[in-house]
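Below is one structure, written out as structure tokens; comments come after it.
The values are calculated or read from the model by the stated rules, or taken from the named source; none is laboratory data. Note that the coordinates shown come from a computational prediction; the quantities given were computed from them, not determined experimentally. We place every Cβ from the backbone using ideal geometry, glycine too, and count neighbours over all the protein chains shown.
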Amino acid sequence: MATALDFDSLNNYKENNRLEAKKAAGGLPKSIWATYSAFANTDGGVILLGVEENSDKTLNPIGLVNPEKLVTDFWNTVNNRKKVNINILANDNVKIADAGEKRIIVITVPRASRTERPVYIDNHLDNTFRRNNEGDYRCPKEEVLTTLRDNAVKTQDMLVLENMDHSVFNYETVGTYRNRMKITRPDHVWEGLPHDEFLYKLGAVGLGDDKERHPTAAGLLMFGNDYEIVREYGNYFLDYQEQFDVDVRWTDRIYSSTGEWSGNICDFYFKVINRLSQTLKTPFKLVGDTRIDDTPVHKAVREALVNCLINSDYYGRCGLVVKRKLNEITFENVTRRVKIAASDRLKQDMAGRRTTRINLNDMDQSETTRIHQ
């Protein structure tokens, strides 16, 4: 973004989610570190030192008396672990530039990688910031903890649950999955494997530090029984509601804790997608002699449900809810809310985060077979 800025025309710019101006007349402003953290944890951005905001919010360069000293002070501080937990900047991210006749400092903060986040200040996780519009805001504790889980070298779905064994799996689900795999991928090299070996190849089972095979987090979610899943994910809950009558809360419902079925992600997907497909209109269309029942709306619904399932943070405090109303379908989890409205437009109200990666053969059209990537 720094190269895109015209420093001779800063009055054409205003602060936004990726641009921050600070006068720095008395040295490095204390607020610069919250902005550094916020940019690093969000989408990156540019900090301008020696620039002030006018009353109309446009920017005005006022210049710096000794920018070289400020650059030195900045590098000394950003490398001080008592002030900032990590320095994600390269040498060319901090430059002295001319804005007309004024000298200013341009600091380009990149977005931190998954393994570098969260970026926080003053040696405390409570001082983790993110950028919204032109402001720097403290991240909620739950968001910080989720980021910490995500920054592990091994993703959460690869976690081997050494306190569990193969008895947590619902083998009816495993059998159904394998039957679908025979249809969608006939003659696959894993087709003849026994269940336990198949689950290991798939990534639903991993090798623990004790050199024994145990379920992985993704395998538990995918094939486990609900009463076993909640041992690891205390707030785990999947809920599908049909709300066709405004006078009642729901007219029909499928949820994971009934004890009447497995309650895992795999079975929930197929139960729900079958119900949703029955409520969608299917125009009569032939390609040659074959009727085509799969419309763009059907595909959008499958994609939305898949994304909702795989982007959920199952350690979070909220479950996953799918609501089918007369004129819309809503998919909600702790990180994402996706709505398919009557106009058949797919809307994403929030960008989600991939926490558990799964593949359900024909629910995900990718060629990847393993549960985790």
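Assorted remarks:
- The single condition among (1) in contact with a strand residue (DSSP E or B) (Cβ under 8 Å, 6 or more places away or on another chain); (2) assigned to a loop (DSSP other than H, G, I, E, B); (3) exposed (fewer than 13 other Cβ atoms within 10 Å of the Cβ) that D126 does not meet is (2).
- Scanning segment 147-163 turns up no residue that is among the small types (G, A, S), modelled with pLDDT under 95 and more than 27 Å from the chain's Cα centre (by Cα).
- Residue match in segment 138-156 (condition: closer than 20 Å to E15 by Cβ, part of a strand (DSSP E or B), touching a Cys at 6+ places or on another chain (Cβ under 7 Å) and outside the structural domain of L220 (by TED's automatic domain parsing)): no
- Test: residue in segment 48-65 that is more than 24 Å from N11 (Cα to Cα) and among the hydroxyl-bearing types (S, T, Y): no
- Residue count for segment 164-178 under the criterion of being surrounded by fewer than 13 Cβ atoms within 10 Å (Cβ to Cβ) and either outside any helix (DSSP H, G or I) or modelled with pLDDT under 95 (or both): the result is 0.
- The criterion of at least 1 residues that are assigned by TED's automatic domain parsing to the domain that holds G175 and over 27 Å from the mean Cα position of the chain (by Cα) is met by the following helices (runs of 4 or more DSSP H) wholly inside segment 187-268: 195-202.
- Where strands (runs of 3 or more DSSP E) fall entirely within segment 1-120, none has at least 2 residues that are outside the structural domain of C139 (by TED's automatic domain parsing) and touching a residue at least 24 places away in the same chain (Cβ under 8 Å).
- Members of segment 82-111 found to be loosely packed, with under 14 Cβ neighbours inside 10 Å and farther than 19 Å from T35 by Cβ, listed by number: N91, D92, D98, G100, E101
- Segment 25-55: number of residues that are surrounded by fewer than 24 Cβ atoms within 10 Å (Cβ to Cβ) and out of contact with any Ser or Thr (no Cβ under 8 Å at 6 or more places or on another chain): 15
- Residue match in segment 64-72 (condition: charged (D, E, K, R) and in contact with a Leu (Cβ under 7 Å, 6 or more places away or on another chain)): no
- Selection within segment 314-324 - over 15 Å from the mean Cα position of the chain (by Cα) and either among the aliphatic types (A, V, I, L, M) or modelled with pLDDT of 90 or more (or both): V321, V322, K323, R324
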